[in-house]
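The values are calculated or read from the model by the stated rules, or taken from the named source; none is laboratory data. Remember, it's a predicted structure, so these values are computed and weren't measured experimentally. Here Cβ is always computed from backbone atoms with ideal geometry, including for glycine, and neighbour counts include all displayed protein chains. These accessible areas exclude ligands, DNA and RNA; they are computed on the full protein's heavy atoms, side chains included. Shrake-Rupley method; radii C 1.70, N 1.55, O 1.52, S 1.80 Å.
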Amino acid sequence: MTDIISVNKMEKEEKYSLKNVFGRALAIAVPMMIQNGITNAVGLVDNVMVGSLGTEVITAVSIVGQLIFVFNLGIFGGLSGPAIYGAQYYGQKNLDGFRDTVRIKHWIGFAVLIAGLCAFIFGGEFLIDLYLKGESEEIDPALTMQVAKQYMSIMLWGLPPFVITQIFAGSLRETGSAVKPMVAGVVSVVVDIVGNWLLIYGSLGFPKMEARGAALATVIARFSELAVLIILMYAGKKKHEFLKGLYKKLTIPRDIAGKLIGKSVPIFFNEFLWAAGIAVLTQIYSQKDMEIVAGLNISNALCNLLNVVFVALGSAVGIIVGQALGASQYQRAKKESFALMWFTGGVSAIMMIILIAVSGVFPNAYETSDEVRRFASEFIVVTALFFPVQGFLNALYFTLRSGGKTLVTFLFDSVYSWAVGVPVAAVLCTFTDIPVLYVFAIVQALDLIKVAIGCILINKGVWVSNIVEKQ
């Protein structure tokens, strides 16, 4: 009888423990969902505003946006390595070490910025042209190229403030100060919405700049965000002690630089190559039909609004599992990782239902052809069907990364995409008559192989590692 009571008590404690884990995950993820959701909602509004200008404009803005997306994730990946050490240095109250992480972020950020600007300035037309190879009776490639070049030439002015903002916003978050970057982001959102309304359509006597107006509004919003962040940051300089003496020197001790760069390189290449893989897949799909680019743009605008849910939950998984690893509670880490992966997949299933429900209505908000709307609706449905897989996979990825296995995640994520997804799409689009929707679905389904591999890695415990203890 005593044994039965003991077993029941253990079962209740386990249920309460898992319920508590889900609550902790939501407590971390919900604020991130709100912030990222607001940003993506504004992107959605921008997309619809630009969508009222015609298919060529939608296609041009989509192509440039895809290319800049690669750059943005390159910045994110490059700064992620120093961020791991930055949080640890700040936790140790080692301000000198923390300043070194901020300094090396400057070097990495500006190196990626220069490389990106060179690529866009000298190779922008070539990169844009890669997406204009498909046949189309309704889209004028010459006009699309013209709009894309004009849009890109303005958008490039927003890259420097974006890089600097990411450096300081990330550093503030590592100190536990997440409100100031959020306030700056909200200001940026407001400026972008108002700027789009004034400059795209020429409201209140402003010039009607159409796509160029959308780009200019984005640039103004980037500078506004940076200005607000710097003002708030230096207004609280007493609290942010790392700012004192930050620029007295720009050099970093060789041993520290080696560790930081060593951790950054796999993450940088993973994010950069993964984003580049997405861009290449879009280019491959466009070979079938140029309207596909516009259709994907509409689909992504909506799907990105809802995928903030599993992206935020994935980040929460990394934090919670990482805390368990840091406490050397390895069995707890394993139990919580699987529970949270299934939880994320379940929440993503709810998002799937919402997406499918609106898939036939949302594309009608765009002034474009029926074919583009049909592509958009179909892409939304296929993307939605794989939302639970993507949610589970995202949580799995952050679990592997929580143990510091950046090389494993590099092989698991971007290398897999380039070695499997891209070649399969290229072969099917080039050498077969399979409709692009089926090719898109097949490439999405390939992620099921990643799920299987990831589960094996999780079960084997290759990710179970206490980085702090090793250091």
Leading residue by the ranking (farthest from ALA83 (Cα to Cα)) among those in region 241-268 that are surrounded by 14 or more Cβ atoms within 10 Å (Cβ to Cβ) and aromatic (Phe, Trp, Tyr): PHE242
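Yes or no, residue by residue, for (1) part of a helix (DSSP H, G or I); (2) of a type in the set (A, V, I, L, M); (3) at pLDDT below 80; (4) closer than 20 Å to TYR438 by Cβ:
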| site | (1), (2), (3), (4) |
| --- | --- |
| ILE256 | yes, yes, yes, no |
| LEU260 | yes, yes, yes, no |
| PHE268 | yes, no, yes, no |
| LEU273 | yes, yes, no, no |
Leading residue by the ranking (nearest to MET49 (Cα to Cα)) among those in region 188-247 that are touching a residue at least 12 places away in the same chain (Cβ under 8 Å) and basic (Lys, Arg): ARG212
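Quick check, is VAL70 at pLDDT 85 or above, within 20 Å of ASN304 (Cα to Cα), among the aliphatic types (A, V, I, L, M) and within 17 Å of the chain's Cα centre (by Cα)? Give the derivation first.
Details: at pLDDT 85 or above: no; within 20 Å of ASN304 (Cα to Cα): yes; among the aliphatic types (A, V, I, L, M): yes; within 17 Å of the chain's Cα centre (by Cα): yes.
Here the answer is no, as VAL70 does not meet what is asked.
Being farther than 19 Å from GLY454 by Cα and surrounded by fewer than 22 Cβ atoms within 10 Å (Cβ to Cβ) is the filter; apply it to region 308-323 and report the residue that is modelled with the highest pLDDT.
Kept after step one, since they are farther than 19 Å from GLY454 by Cα, are these residues of region 308-323: 308-309, 312, 323.
In the following step, the residues that additionally are surrounded by fewer than 22 Cβ atoms within 10 Å (Cβ to Cβ) were identified as 308, 323.
On the way: VAL308: 81, GLN323: 67.
Going through the qualifying residues, I end up with VAL308.
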Filter pass, ILE108 being touching a Gly at 6+ places or on another chain (Cβ under 6 Å), in a helix (DSSP H, G or I) and either closer than 22 Å to SER315 by Cβ or open to solvent by less than 50 Å² (accessible area, probe 1.4 Å) (or both): yes
Residue under evaluation LYS460, criteria (1) among the basic types (Lys, Arg); (2) surrounded by fewer than 16 Cβ atoms within 10 Å (Cβ to Cβ); (3) farther than 28 Å from ALA312 by Cα, criterion not met: (3)
Region 442-457 - residue that is at pLDDT 90 or above and buried (at least 18 other Cβ atoms within 10 Å of the Cβ) and, of those, farthest from SER286 (Cα to Cα): ASP447
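Would you mind stating whether PHE98 is within 16 Å of the chain's Cα centre (by Cα) and either under 30 Å from GLY124 (Cα atoms) or assigned to a helix (DSSP H, G or I) (or both)? Please lay out each step first, then the result.
Numbers: within 16 Å of the chain's Cα centre (by Cα): no; either under 30 Å from GLY124 (Cα atoms) or assigned to a helix (DSSP H, G or I) (or both): yes.
So PHE98 does not fit the description; no.
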Of all residues making up region 176-226, the number that are under 19 Å from the mean Cα position of the chain (by Cα) and polar (S, T, N, Q): 2
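Taking the stated definitions as given, is ILE298 open to solvent by less than 20 Å² (accessible area, probe 1.4 Å), more than 17 Å from the chain's Cα centre (by Cα) and touching a residue at least 40 places away in the same chain (Cβ under 8 Å)?
Values: open to solvent by less than 20 Å² (accessible area, probe 1.4 Å): yes; more than 17 Å from the chain's Cα centre (by Cα): yes; touching a residue at least 40 places away in the same chain (Cβ under 8 Å): yes.
Against the criterion (open to solvent by less than 20 Å² (accessible area, probe 1.4 Å), more than 17 Å from the chain's Cα centre (by Cα) and touching a residue at least 40 places away in the same chain (Cβ under 8 Å)), ILE298 qualifies.
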